[in-house]
1. Could you say whether any residue in region 491-499 is charged (D, E, K, R) and either surrounded by fewer than 16 Cβ atoms within 10 Å (Cβ to Cβ) or over 27 Å from residue 139 (Cα atoms) (or both)?
2. From the list 666, 581, 574, 650, which one is part of a loop (DSSP other than H, G, I, E, B) and either at pLDDT below 80 or not aliphatic (A, V, I, L, M) (or both)?
3. Would you please list the contacts, defined by Cβ atoms under 7 Å and residues six or more apart or on different chains, that run from a residue in region 133-152 that is in contact (Cβ under 8 Å) with a residue 60 or more places away in the chain to a residue that is part of a loop (DSSP other than H, G, I, E, B) and of a type in the set (Lys, Arg)?
4. Give me a count of the residues in region 245-291 that are over 25 Å from residue 123 (Cβ atoms) and of a type outside the set (Lys, Arg).
5. Restricting attention to region 158-174, which residues are of a type in the set (Ser, Thr, Tyr) and farther than 11 Å from residue 124 by Cα?
6. Can you name the residue in region 519-540 that is exposed (fewer than 15 other Cβ atoms within 10 Å of the Cβ) and within 21 Å of the chain's Cα centre (by Cα) and, of all such residues, is modelled with the highest pLDDT?
7. Check whether at least one residue in region 125-143 is in contact with a Leu (Cβ under 9 Å, 6 or more places away or on another chain), crowded, with 21+ Cβ neighbours inside 10 Å and of a type in the set (A, V, I, L, M), and report yes or no.
8. Quick one: count up the residues across region 218-241 that are buried (at least 18 other Cβ atoms within 10 Å of the Cβ), farther than 23 Å from residue 114 by Cα and not hydrophobic (A, V, I, L, M, F, W, C).
Amino acid sequence: MAGKPEVRIEEVRAALRRANHLYYVLDSPEISDIEYDDLMRELIAIETEHPELVVDDSPTQRVGAPLDSAFAPVTHLERMFSLDNVESEEELETWQSRLARMLEREPSGYVCEQKIDGLAVSLTYQEGRLVRAATRGDGQVGEDITANVRTIDSVPLRLQAGAPSLMEVRGEIYMPVAVFAALNERQADLGEKPYVNPRNTAAGSVRQKDPAKTAQRSLSIWLYQLGQVSGGPTFASHWESLQWMAELGLRVNPASRRISDLAGVEAYVTETQEGRHANDYEIDGIVVKVDDLGEQDEVGYTAKSPRWAVAYKLPPEEKTTTLEEIRINVGRTGAVTPYAVLDPVFVGGVTVTNATLHNEGELHRKDLRPGDTVIVRRAGDVIPEVVGPVLTKRPKGLAKWHMPAMCPFCGNPIVLTEGQAKARCTGGFACPSRLREYLFHFASRGAMDIEGLGYQTVDMLLSEGVITDPADIFTLDPDVLLGFEGWGEISVNNLLEAISGVKDRPLTRLITALGIDHVGGTVARVLAAEFRSLPALMAADVEAITALSGIGPEIAGSVVAWSEDEDNRQLVERLGEAGVRLLDPEPEPQEEGAATLAGMSFVVTGTLEGYKRNEAKGQLERLGGKVTGSVSGKTAALIAGASPGSKLARAESLGVPVLDEAGFVRLLAEGPAAIS
């Protein structure tokens, strides 16, 4: 350790960063494990002796301290969209034809990328240093998983020279197949239940509260998309941006390819499908993107997806096994769903033991009988599905299966209403199966998101008779919980704090959690925005609800029927008494004539001195404007602060007006007249 420690420490860190990049990103190591270990020991020794020289992006800081609380919400700098799917060459050609109509020519080229079956994430770098990692979440807001992602060796904590002042990139965290296999071998040695598949295991590993546990899972990442960039170069194509990302030290999949025409795309699909298991990671399709960024801007986005990209879903793999038994499950709405109990079969990368059979009509259409040899596949490589029986192997005398007349869980009749596909248990919430599923849905991440209230805890509370409906969750007695085996003060306090913390969730969350038929998160947002309180929604009639955009008579009828049920009315009353928020605050009233920017779209880029990005967006939306993530010919103006990045060049090339911060202030005061 000769020389000044502040000089030597940077030399050692640089050597270790280079070694990490060559090993984890380029798969081309230059030094031996012994040499690497010697460097790491030297770095640890210097940092121990000189703690004032420790920095958060040092190679020694891969494993951080455990998180103090649940994962904090993170608003993405730009929205993370989902992709539309195609499943055949015909559908792919239809997609291309749609693009050609919009562009009045065929796209000039494409980039094909393997669709990694993992967890979508966003990484943010400032001045080349990793400052934040977040899950995709709902596309606009994700969860802060920075401490855990820092433990992943293939995620650079510091980028190579030439990094911009601000850079957001998107990628997929995954668990290598070999790592997953070794993990399950250890589970078997310990007599523990095996993990289901690499994707779910990777997602669970990233959400560990202790980053040290994430570090033990040997996760990896592929990066595939630029988000917001400030202070960096401009690009004409997506392919150029991928090459730049790789130059900065980000792990870009070498299987990605620039392709000139649709015939080449189809050949890539065939090639990838034939070799889908040749790599040490799982894929479930191919992502096809228009390469030219100008063409991407021309075709733009739908409400949920970019028009310039599509996911070609690979066909599922199929295996045969024995259908040992048909059982039923009663869901949160009382719907009865039969499911198959199978002789375990490994298909599509996972071992399948159960598969849904949808409903009795579908089951009889396929003529499935207990004892049959059946074809099993993972639909979309995700949901196990029984395709049908192998009739040549059917034993003689197998009886058809029929829905039981009485619910095996509560003893009440099971009925099939005319015109309905699914039978229903008539036991209401006296049916323990329905109540269990309802309570789990209520507490789930897409609904009230109550940390720690999963199936196991719900089952315990039900079996002990502590809860009978969601309102009971908010009146749990800590002394009662402390009397249960395995529950101490820490676990009880954690659960009660989590429950208390969700009482003030927005109305959208509560409407979703109540489990009204046909009402998911999207419909719940529409209802909450219009009625603003649960009592007001429950007082609305079918006509008032169907008047809302995107809501038809079936959804409206379901909402009204739910609202008129006396048990549901009592539930809402008890939730209110328990302190659960039943209404959203009224929005601030707009001044008369304030919607001066109605019908106009804007893009905000760069750094404004007087406004944070969300504040600027809020000001534009307050005046009726719409804020989008990309510049197109329909953009009314680009609001450009310092270090505007590639969007400024795009706006100039399209002739879109550009406003600096002073122009933005005039726009807010004067309206469209400020746009020259």
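1. Our first condition is that a residue be charged (D, E, K, R); within region 491-499, this holds for 497.
When the remaining residues are screened for being either surrounded by fewer than 16 Cβ atoms within 10 Å (Cβ to Cβ) or over 27 Å from residue 139 (Cα atoms) (or both), the result is 497.
Scanning region 491-499, I find at least one residue that is charged (D, E, K, R) and either surrounded by fewer than 16 Cβ atoms within 10 Å (Cβ to Cβ) or over 27 Å from residue 139 (Cα atoms) (or both), so the answer is yes.
2. Values: 666 fails: part of a loop (DSSP other than H, G, I, E, B); 574 fails: part of a loop (DSSP other than H, G, I, E, B); 650 fails: part of a loop (DSSP other than H, G, I, E, B).
One residue alone meets the criteria, 581.
3. Correct list of pairs: 139/79; 140/79; 142/136; 145/207; 150/62; 151/62.
4. Taking region 245-291 first, the residues over 25 Å from residue 123 (Cβ atoms) are 259-278.
If we keep only those that are of a type outside the set (Lys, Arg) too, we end up with 259-275, 277-278.
Qualifying residue count for the region: 19.
5. 174
6. Going through the qualifying residues, I end up with 520.
7. Yes, there is a match, as at least one residue in region 125-143 is in contact with a Leu (Cβ under 9 Å, 6 or more places away or on another chain), crowded, with 21+ Cβ neighbours inside 10 Å and of a type in the set (A, V, I, L, M).
8. Counting residues in region 218-241 that are buried (at least 18 other Cβ atoms within 10 Å of the Cβ), farther than 23 Å from residue 114 by Cα and not hydrophobic (A, V, I, L, M, F, W, C) gives 2.
The values are calculated or read from the model by the stated rules, or taken from the named source; none is laboratory data. Predicted, not measured: the structure shown is a model, and the values here were computed from it. When we count neighbours, we look across all protein chains shown, and the Cβ atoms used for this are built from the backbone with ideal geometry, even at glycine.
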